[in-house]
Amino acid sequence: MTSRMTPAIQLTSITAKYREHAVLKDLSLTIQPGEMIGILGPNGAGKSTLFNCVSGLLTPTSGTVKLFGTDLRKMPPHERARAIAVVPQELEIPVPYTVAEIVMMGRTVSIGRFSSPSARDRQAVERAMVYTDVADIRQRPLNELSGGERQRAIVAMALAQEPRIILMDEATSHLDINHRLEIMQLVERLNREEGVTVMMISHDLQMAAEFSRRLIILHQGQIVADGPPHSVLTEDTLRRVYHCDVRVCQDPKSGGISIMAAPRLPSVGTGKGIRIHAVAGGGCGEATLRRLALCGYTLSCGVVNRGDMDAEIGAVLSVSLALEKPFSPISREALQVAREMAAKADVLVLTPIPFGSGNLANLELLDEALTAGKPVFIASGIENRDFTLARNAEKSILLLLSRGAKLYRDVAELLTLLPAKLSD
Amino acid sequence: MTKIVAYLLIFASTGLLTTGCKPTAAPPPRSSSSEPRVISLAPSITEIVYALNGTHQLIGRSSACDYPPEAVSNVPVIGDFGVPSLERMVSLRPDQVLYTDVADPMMDSKMKRVGLHPVHIACERLNDIPSAIVHVGQLLQRETEAQALASNLVEQIQMARQETAAFTNRPRALVLIWNDPFYAAGRKSFVSDLVELAGGHNIGDEINRDYFQASSEWVLAHDPDIIFCFFMANSKPVKQTILNQPGWRRIKAVKDGRVYDGFDNNVALRPGPRVMQGLEAIKRRIQEH
Amino acid sequence: MHNRRNFWLVLGLTPLILTLCVMMGPSGFGLPDINTEREIFMLRLTRVVCGLVIGAALSCSGVVFQAVLRNPLAEPYILGVSSGAGLGAAIAIVTGISALGATILPLCAFVMALITLAIVYALARNGTSSSIYGLILSGVIVSAVCSSLLMFMVSVSSIEGMHSILWWMLGNLEVTSYSVLTFIGLLIVAGCLGLWALSRELNALTLGHQMAHHLGIRVKATVVVALLLATLIASAAVGVAGLIGFVGLIVPHIMRSLVGADHRRLIPSAAIGGGAFLAACDALARTLMPVEIPVGVITALLGGPFFLILLKRRRVQNWLE
């Protein structure tokens, strides 16, 4: 009766570090028995670290991990192995174990040190092999099998543990689509029929959405979305987390979610022949300049200081630059060069750069462009980047916005706003 | 690893070097069942046994015991010098096993454990030889022959010593036993005794070892008057080897043409009954001028 | 199901091989008469027993090192046992204390091997890299330092001392005294049994330390105990017999291809098979030539080609892909 009430996995404000670098930050999560959960997030978001905390490989620096109400730190290894099994992405097995031997390893802690497997152990192994359909190949050495068969044997080993929780760490990412589906259906069946709690990391958003009833998106060590697939997989969240544009469609009949790459400039349009003048500096314009250059726009940039990271990136991307001496405020002469560049440009873009008194003059370029009737795009969030004493930059930008300049959040959004020509 | 191999080769050769004999005409004696039967693990001991007319008592030898060939070739070999086979020795049922030096530092206790009676014969330096002869003579129950041979030898050594004792201007000699790298005889070597007795001075005496690796710089700094080469294996003429050493042309011995080779190494380096022969060979070169 | 059959084959063939070994010797082929040729019989018997024990120690520790370090090229000397023991032997020979008693030299080699190991483990603990690579790295470094010291001792010793050190390093199965053989033999048998008891942990560890953790193994403790036992028996073997190569590297692979990778079967068959292999190699070393050949030469000459034949067949390849 308690297992009904106690959560299968309960993380209470855990922080985990890897080499002094916090990978998980004050993360709390509760998972009920019988849930099937997909964990999503870009590389480095902390997914694997989360798994390592749940499986006990890593002890969080603070916070507690409980499995079925028992603190993981107080759980002896053999009990933990009965509670939780892990299916890794790939298991490199250097010695020629047969399938049967591998599956029997799931019973490692059940078999006594000096005894042979009991009838109970054999039954569990047999069942696991039948479930995963590897009973016919039980005598084959694992390293002679195909990727799908191997992975099924590994799943069988996890099943032989008779765990109440299974963690799948990108367990299907190396497989062909048919084997991938096969494994997923197998796990789904386990979850339905046996009530096994399943937690899986996946990079395949669509498959995760299809098989999980609850999705969790991790980003920079924190949970940024948690809920049913349709509420988690929004264009907005995905853009924020993965920094890319996707289109999420829900099939009105089946309720299935499909995720497609959103139309991007390079595929449907090109910036060829369109001139953009960007105001950058301090390395903050790097991403913008690179993406714009990739899309074929003709770029100019300035005023930036010589030796500035953006100036160097610009030089690499053959952007025309209006340069100022290193560590000097913008001079009249440099601003005049930039003004001539801006005059030739079709569009002006203000990248998310910080402002001080030295580079405030750059805002004059935008003002002049608006006067000339050109579109001006301004990176949002100026309130955090204005370091002038009287917050002059923020005031100027508010003025620019009132005169018709448009805000953008990130490069992905900027690209949708910029004018483009249809490609051939 | 190549270093280890080099050392091994050096050892193998020195092992063979420090072993030898004396051709005193001896009628083959009758064997008597009461005479003790022995195994000799060193060429110098084998030569002593032969010199005492005891070859019929020798029932085993090392592969290095090669002198005199006609007398020992029929004696069974029980192993290489320094590495005898216990089983072969046991199967020969000797009364005693005489050895000077074995590779395995525990060989003595191993031999005792399997019921052999090992006897260590100290026979490394010039002055050891007479007492070694007496010791072997006692073991073979040939005290009379041994006493005669030993006192004769002592006498000869005494005479040689008197002859050269007055030498004031001793030529300074370098004795090389290996050429790559150069190994020279030090103060603790048998050949150093011979050089001294022959009226020379071994420049290696300043090193308190039997043999040591000598650098070119060391040799150049000592500028020997004479160089003796007792190299074991030589494809090139020894003199050529010496001359080819960078800078060695300005060594006195080389300039004076006093680099000598072509010795019977066994005679000169083996502390056995043939010691006087070895001494003569060295003396001849030293007193050549 | 060839594995089970091969297991019994190894077990059954071993007494035959050992009997054959006792029949072989430089003084003639045939079983020595216990009454008239008691010494020769005992000589051969102790060498065969010594070969059995040393071979078992080397191949068992080879199995364990390969499993725990998950490296097919791991061998019993990987953590610096050999150079440490060599240094100990050299010290005993050069200082002359080896002449004081029959047990001194093996004891010095054994103790120095243990000291070297302690240093290797201590260095690995302080290392920041993951434990296995830290271990191998500090093993390599400490080995190199010990080898240099050994070369130093060889270069300053007399010709006789040099010969003794090199002779010892070539390896030899002739035991100095029965008490040494008994002591080392019991140590090795206990060590092998201890490792056998760790079979299920070793099985899990071959899947990687993370997977072993998931299967419920106390990874750190098991790795430490297994490596300690393996190095202990390897040091004991080196102390008695010197450096005998190839047995600890090749016998585990041969046995794995014969009886499979399950350590429950692999450890006993490696112990017995490795012992029989070394005893047979030693019998050949004693009889092939008029002069005894170092047994390490025979193990390499026999083991190498046999290993290559197995490599041609499928199963060992998996290790090396």
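Residues considered: B:W178, B:W218. Of these, the only one that is farther than 16 Å from B:I282 by Cα and within 14 Å of chain C (Cβ to nearest Cβ) is B:W178.
A:R82 passes every criterion in (1) more than 14 Å from C:H214 (Cβ to Cβ); (2) out of contact with any helix residue (DSSP H, G or I) (no Cβ under 7 Å at 6 or more places or on another chain); (3) surrounded by fewer than 19 Cβ atoms within 10 Å (Cβ to Cβ); (4) basic (K, R) apart from (1).
Of the helices (runs of 4 or more DSSP H) entirely within the stretch C:211-321, those holding at least 2 residues that are at pLDDT below 85 and more than 14 Å from chain A (Cβ to nearest Cβ) occupy C:295-312.
Selection of the stretch C:168-193 for residues being under 23 Å from C:G296 (Cβ atoms) and free of Cβ contacts under 8 Å to residues at least 60 places away in the same chain yields only C:L187. Can you say whether A:I14 is of a type outside the set (D, E) and closer than 16 Å to A:A225 by Cα, as far as the supplied structure shows? So A:I14 fails the test.
The stretch A:331-410 holds strands (runs of 3 or more DSSP E) entirely within its bounds, and those carrying 2 or more residues that are within 19 Å of A:D308 (Cα to Cα) map to A:347-350. For C:S138, indicate whether it is farther than 23 Å from C:A279 by Cα, of a type in the set (S, T, N, Q) and within 14 Å of chain B (Cβ to nearest Cβ). So C:S138 does not fit the description; no.
On the basis of being of a type in the set (A, V, I, L, M, F, W, C), surrounded by 15 or more Cβ atoms within 10 Å (Cβ to Cβ), in contact with a helix residue (DSSP H, G or I) (Cβ under 8 Å, 6 or more places away or on another chain) and within 14 Å of chain C (Cβ to nearest Cβ), does A:L11 make the cut?
Working: of a type in the set (A, V, I, L, M, F, W, C): yes; surrounded by 15 or more Cβ atoms within 10 Å (Cβ to Cβ): yes; in contact with a helix residue (DSSP H, G or I) (Cβ under 8 Å, 6 or more places away or on another chain): yes; within 14 Å of chain C (Cβ to nearest Cβ): no.
No; evaluated as a whole, the condition is false for this residue.
Taking the criterion of being within 14 Å of C:T287 (Cβ to Cβ), part of a helix (DSSP H, G or I) and within 12 Å of chain B (Cβ to nearest Cβ), the residues of the stretch C:18-46 that qualify are C:V22, C:I40, C:L43, C:R44.
Inspect all residues belonging to the stretch C:47-54 and state whether any of them is in contact with a Cys (Cβ under 9 Å, 6 or more places away or on another chain) and at the interface with another protein chain (Cβ under 10 Å from one of its Cβ atoms). Yes, the conditions are met somewhere in the stretch C:47-54. Yes or no: the stretch B:220-241 includes at least one residue that is surrounded by 22 or more Cβ atoms within 10 Å (Cβ to Cβ) and in a helix (DSSP H, G or I). The answer is no; no qualifying residue exists.
Being at pLDDT 90 or above, out of contact with any Pro (no Cβ under 9 Å at 6 or more places or on another chain), under 19 Å from C:A89 (Cα atoms) and not in a loop (DSSP other than H, G, I, E, B) narrows it down to one of C:L149, C:L187, C:L166, so name that one.
Values: C:L187 fails: under 19 Å from C:A89 (Cα atoms); C:L166 fails: at pLDDT 90 or above.
Unique residue meeting the criteria: C:L149.
Against the test of being more than 11 Å from the chain's Cα centre (by Cα), within 26 Å of C:L135 (Cβ to Cβ) and not aliphatic (A, V, I, L, M), the options C:G242, C:G274, C:G304, C:G296 yield a single qualifying residue, C:G296.
Only residues that are closer than 18 Å to C:L173 by Cα and either free of Cβ contacts under 8 Å to residues at least 40 places away in the same chain or of a type in the set (S, T, N, Q) (or both) were counted in the stretch C:89-100, giving 1. Identify the residue in the stretch A:141-168 that is more than 10 Å from chain C (Cβ to nearest Cβ) and among the charged types (D, E, K, R) and, among all such residues, is nearest to A:P94 (Cα to Cα). The residue in question is A:R150.
Quick grid of which residues meet (1) within 14 Å of chain B (Cβ to nearest Cβ); (2) in contact (Cβ under 8 Å) with a residue 40 or more places away in the chain; (3) not charged (D, E, K, R):
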site: C:M112; (1), (2), (3): no, no, yes
site: C:L117; (1), (2), (3): no, yes, yes
site: C:S147; (1), (2), (3): yes, yes, yes
site: C:F152; (1), (2), (3): yes, no, yes
site: C:V156; (1), (2), (3): yes, yes, yes
site: C:I165; (1), (2), (3): yes, yes, yes
site: C:L195; (1), (2), (3): no, yes, yes
site: C:T206; (1), (2), (3): no, yes, yes
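Does the stretch A:186-206 contain at least one residue that is assigned to a helix (DSSP H, G or I), touching a Pro at 6+ places or on another chain (Cβ under 6 Å) and touching a residue at least 12 places away in the same chain (Cβ under 8 Å)? I'd like the intermediate steps shown before the answer.
Looking only at the stretch A:186-206, we keep the residues that are assigned to a helix (DSSP H, G or I), and these are A:186-194, A:205-206.
Then keep just the ones that are touching a Pro at 6+ places or on another chain (Cβ under 6 Å); that gives none.
Checked against the condition, which is being assigned to a helix (DSSP H, G or I), touching a Pro at 6+ places or on another chain (Cβ under 6 Å) and touching a residue at least 12 places away in the same chain (Cβ under 8 Å), the stretch A:186-206 yields no hits at all.
Only one of the numbered conditions (1) assigned to a loop (DSSP other than H, G, I, E, B); (2) under 16 Å from B:P224 (Cα atoms) is not met by B:T168, and that is (2). Within the stretch B:37-50, if we keep just the residues that are within 14 Å of another protein chain (Cβ to nearest Cβ) and assigned to a loop (DSSP other than H, G, I, E, B), the residue that is nearest to B:V97 (Cα to Cα) turns out to be B:L41.
Suppose the filter is under 22 Å from B:Q245 (Cβ atoms) and either under 21 Å from the mean Cα position of the chain (by Cα) or not in a helix (DSSP H, G or I) (or both); does B:A173 pass it?
Values: under 22 Å from B:Q245 (Cβ atoms): yes; either under 21 Å from the mean Cα position of the chain (by Cα) or not in a helix (DSSP H, G or I) (or both): yes.
Judged against the criteria, B:A173 is a match.
Among helices (runs of 4 or more DSSP H) entirely within the stretch A:26-140, having at least 2 residues that are away from chain C (no Cβ under 11 Å), within 20 Å of A:R150 (Cβ to Cβ) and over 28 Å from the mean Cα position of the chain (by Cα) singles out A:99-104, A:119-131.
Here is a yes/no grid of residues against (1) under 20 Å from C:G28 (Cβ atoms); (2) not in a loop (DSSP other than H, G, I, E, B):
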{"position": "B:S91", "(1), (2)": "yes, yes"}
{"position": "B:P94", "(1), (2)": "yes, no"}
{"position": "B:D101", "(1), (2)": "no, no"}
{"position": "B:K110", "(1), (2)": "no, yes"}
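Among the residues of the stretch B:51-81, just one is surrounded by fewer than 21 Cβ atoms within 10 Å (Cβ to Cβ), of a type in the set (A, V, I, L, M) and more than 14 Å from chain C (Cβ to nearest Cβ), namely B:A71.
For the stretch C:63-82, indicate whether the set of residues that are in contact with a Leu (Cβ under 8 Å, 6 or more places away or on another chain) and within 11 Å of chain B (Cβ to nearest Cβ) is non-empty. Among the residues of the stretch C:63-82, not one is in contact with a Leu (Cβ under 8 Å, 6 or more places away or on another chain) and within 11 Å of chain B (Cβ to nearest Cβ), which makes the answer no.
The values are calculated or read from the model by the stated rules, or taken from the named source; none is laboratory data. Remember, predicted model here, so these are calculated numbers, not experimental data. Here Cβ is always computed from backbone atoms with ideal geometry, including for glycine, and neighbour counts include all displayed protein chains.
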